[in-house]
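Below: the structure, in structure tokens.
Read-outs throughout are calculated quantities, based only on the coordinates presented, and are distinct from any laboratory measurement. Note that the structure is a prediction, hence the values are computed from the model and not measured. Here the Cβ is made from the backbone with ideal geometry for all residues, glycine too, and neighbour counts use every protein chain on show.
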């Protein structure tokens, strides 16, 4: 059974759904209103199924950064190990996008909020999906950091901190 | 990635050639010959004529035979003898200069008088059979055959050899007696067909004259004769000369001048005596061909003729030691020159006298310490006098003028110090206390320079003609001593051990800015910069010297202004009565000199409350390595300091440790490390772990020799505790150790001769080796003990490991030093003075002990390591002395310039040579091919384009607002 997804009809709160059809669209509008009225007749059941679909979509969205990882890995492989404009661009993208995504997370997940949610943009709505989303973004970040490290850009060795080491004058002086 | 090592290799090896255009701007070279050996007539300066060009030939104390151009004093040519091949005499034979050198006169050489090119070299006897005598010219002689021009040599005091004039091939040899005989022949004379050998035989109180006549064609003895005499000093009192074809022997005996005419049969045994006069000394002033000598008697000096046994005229001057005589004759007409203190003129005066009624030429002299004169009178009658002073200045006077002057005591320089110059003060405004009108006037006066300043600013801005790192360090326009933009212009204060001569040399061009003679018997031992430009005053140096007089040996401190050479108050003070053992600069709050006397008591210069307090504050931290004699051999011991009630006011150094060595291992010397700022505490590896450098500032190098095992030892010892941090045993070269080593930061480089080749080992070959050693803390990477601020008594102080690598070196070397820069950020190159008279620079990268013995991995390549190659090739591109012959370098001093990238290299010994090197490239200066004009043009083109297009864009926008 194939479903036709009509987003405008999913949202009961959308004000456009109550508008009359424009002149000359009566047939289609009536058929639509027919189905919608048919569906709205079995009101709460349809609503639940929509929420179900939205939740599924939210899970899909939450794992989407992880799905991109193979492609990003391939891009990193192609960009090479040298420090140059392409590899740096990709690495910057990898490092920046998880943060951007996480900060815009509530906005991005608002469209999947269940109809029962009081505030679709609250962090608490769809919390499990969001957590998975953060983990997936951390994976992306990890790939970026791994690339940085392989390019020698992470200050992990003692050599990276050598310049900050200080020594005091010697406690004994030799005359010469 | 694969080509990276190759790239590094090219980078490391290829960037060291000096551009020909830089020669003479970044470097200078002073070709010196040394102070003439005037004490013996065989080596004393003499005039010679080559193709209408007069040269002065002289053998010098630096073991050089030199020809100085009489016109301008430049070195026409010189021949540098090896140190063990002491020159005993030279003789002009037509166009050849024949020399005898080596022990007993072992080697005869012929040099072309025009070019100094060797025409023949003949060994007359092995060095080991050489008879060592003092003075060196005794028992050696050269005579030239009157007709054949063949060379007759007298060597070892008993052997006469006839050598072919052009090839040096011996035609016969006559040996007097065996070496055990008591006869020492000292003079050789040739007449047409006879060779006379004149010597002395020891008897009880004095010498008996012994004369042998030989056939000049076969070398057969014609006659042998002994003449009783009472010659006391065979080297000073016996003379021999040929006068108009007949030979004479002359000697001084109990104040009497006696002469003997010689014939081939030696029948005549009756010596003639100059009547009525007694002499203390007879001088051969160069007139012996005429039979003329100068006799110094109690009532003055007279010219005497030992052929006729008559004295010529009355006295020609006083006979005291300060009056120096020289003679010359042309066409039988003798001239005598003398330098003396003229009481009438109150000046040291030179007088040239023709020994007749004509008036003498007199001229005042600059120097009062004249040691030797050589006279030449041109056919025009104009006298030329070549003068040598005790303190090493040589001058040529022509007529009454000084034609030129050379400072040959520079060839005996033992210590040198770079002193920075102050910045040029552009406006002499005393900021405080200047009245308004005064300032207004000053600004008005300065404003007239504005157009010039503006034009030069515009030119500089547009063309970018900035000072570049390879431009000459130019002197300031007003002639004042000030530094250039990059600090390449400094004063090098040098001190020579002859006559205690001190020079201030301009490092930009080698000119002598000032010179001082510290006095006779003064031997400078150390030099310190006690006040630098950063102290806000003129820089001052302190020279610690040992002054020997007949009564005592004192330690005297001279305190000089480095810019002018003038004394600073307190200069010339005797710091220690009696011999000092050593002196050191201590920089602890204030800079002062610590001098130890032979009782290990501490003296200060300046001896004031401030230095005493600073020493009292710091004395518990101080340590000192030194050498002392114990049971007849040298030991190394370390001292600390204490204030002892018994020693009075002086703190005392007391021994705390002594370096224990195996029984027959002998200490040669100790040498301190190069000090300089350390920019990096470690070496970062390819995997970004760190090898922490072992930076113990108290390390010194000790050299030892074990004669019984034919081994040399090299130790790195901590001076506070006596701990041996690193040690190595090297093969000696027939019992002789000549290791050259230098230690800077954690990097030790040493050079030695590998002479032992065990037959079983094919990898070892005879030859010179350079070994490079790097010391690191702990046991491996990331093992940190913080050695640089660790106490010597800490347990971890010996926690150190070393990387070592040995390379085959192409040359014998006489000195080596690492470069030094202002902050120590630039790499360090090894500057080496080779025995073939060149200065070379070896990049540190090449001498890295961690070079892998296989293809380097990518991480190693990242570090700049490339594959190990046992041979350091003799690459002429590494020669930084261009085509100059920088001979017999004794020491290399490196000093930082203001540019971090650049280090000054000053080499001295016989010659002086200064250049600048940039071990890591001149990264802090715009490169010379930076096109500033292009940049300015591009930027101004863009500005013009913006100015042109901006109204167009604005108009377009306006239109868009209306119509869109």
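Annotations for the structure displayed:
- Sorted ascending by nearby beta carbons within 10 Å, beginning with the fewest, B:747, A:161 become A:161, B:747.
- Paramagnetic label reach from residue B:95 (point 7 Å along Cα→Cβ; backbone nitrogen cut-off under 19 Å): within segment B:103-121, residues B:109-121.
- In segment B:52-167, Cα pairs under 8 Å separated by at least six residues give a relative contact order of 16 percent.
- Rounded tilt (10° steps) of B:450-463 against the dominant C-alpha axis of chain B: 80 degrees
- Rounded FRET efficiency, nearest 0.05, which uses the C-beta distance separating residue B:322 from residue B:631 and R0 of 56 Å: 0.75
- The packing ranking, built from the mean of other Cβ atoms within 10 Å per residue, places the peptides B:294-300, B:930-936, B:96-102 in the order B:96-102, B:294-300, B:930-936, highest first.
- Rounded, prolate or oblate (a/c below 1.5 giving rounded, otherwise prolate when a/b exceeds b/c) for segment B:803-936 by Cα gyration tensor: oblate
- With both labels modelled 7 Å from their Cα along Cα-to-Cβ, the residue B:223 to residue B:330 distance reads 3.8 nm.
- Inter-part distance where segment B:680-737 and segment B:247-323 are each reduced to a Cα centre, Å: 63 Å
- Full extension of the chain between residue B:356 and residue B:233 gives 41.0 nm of extra length, using 0.36 nm per residue less the Cα-Cα distance.
- Computed over segment B:645-800: relative contact order in percent, which uses C-alpha pairs under 8 Å that are six or more apart: 21 percent
- Nitroxide proxy distance, nm - points 7 Å out along Cα→Cβ at residue B:254 and residue B:877: 7.8 nm
- Simple spin-label estimate for residue B:734 and residue A:74 in nanometres, 7 Å along Cα-Cβ: 7.7 nm
- Global geometry of segment B:122-249, whether rounded, prolate or oblate, following the gyration tensor of its Cα atoms and the 1.5 cut on a/c: oblate
- The peptide list B:915-926, B:715-726, put in order of mean Cβ contacts within 10 Å with the highest first, becomes B:715-726, B:915-926.
- Principal-axis analysis of the Cα atoms of chain B puts helix B:932-963 at an angle of about 10° to the longest axis.
- Here the contact order of chain B, divided by its residue count and restricted to Cα pairs under 8 Å and six or more residues apart, works out to 7 percent.
- Extension gain for residue B:789-residue B:405 works out to 133.0 nm (0.36 nm per residue, less the C-alpha to C-alpha distance).
- Cβ-derived FRET efficiency at R0 22 Å, residue B:39 paired with residue B:128, nearest 0.05: 0.25
- Computed from the Cβ-Cβ distance with R0 of 45 Å, the FRET efficiency linking residue B:51 to residue B:278 stands at 0.45.
- Rounded tilt (10° steps) of B:4-14 against the dominant C-alpha axis of chain B: 40 degrees
- Cα gyration tensor shape of the protein assembly as shown, rounded if a/c is under 1.5, else prolate or oblate by comparing a/b with b/c: prolate
- Shielding by partners for peptide B:778-789, expressed as the average number of C-beta atoms from other protein chains within 10 Å of each residue's C-beta, is 2.
- Net length gained if the chain between residue B:950 and residue B:347 were fully extended (0.36 nm per residue, minus Cα distance): 208.6 nm
- Each of B:501, B:822 has some number of other Cβ atoms within 10 Å of its Cβ, and from fewest to most they run B:822, B:501.
- Sorted ascending by nearby beta carbons within 10 Å, beginning with the fewest, B:882, B:376 become B:882, B:376.
- Across peptide A:146-156, the average count of Cβ atoms from other chains found within 10 Å of a residue's Cβ is 1.
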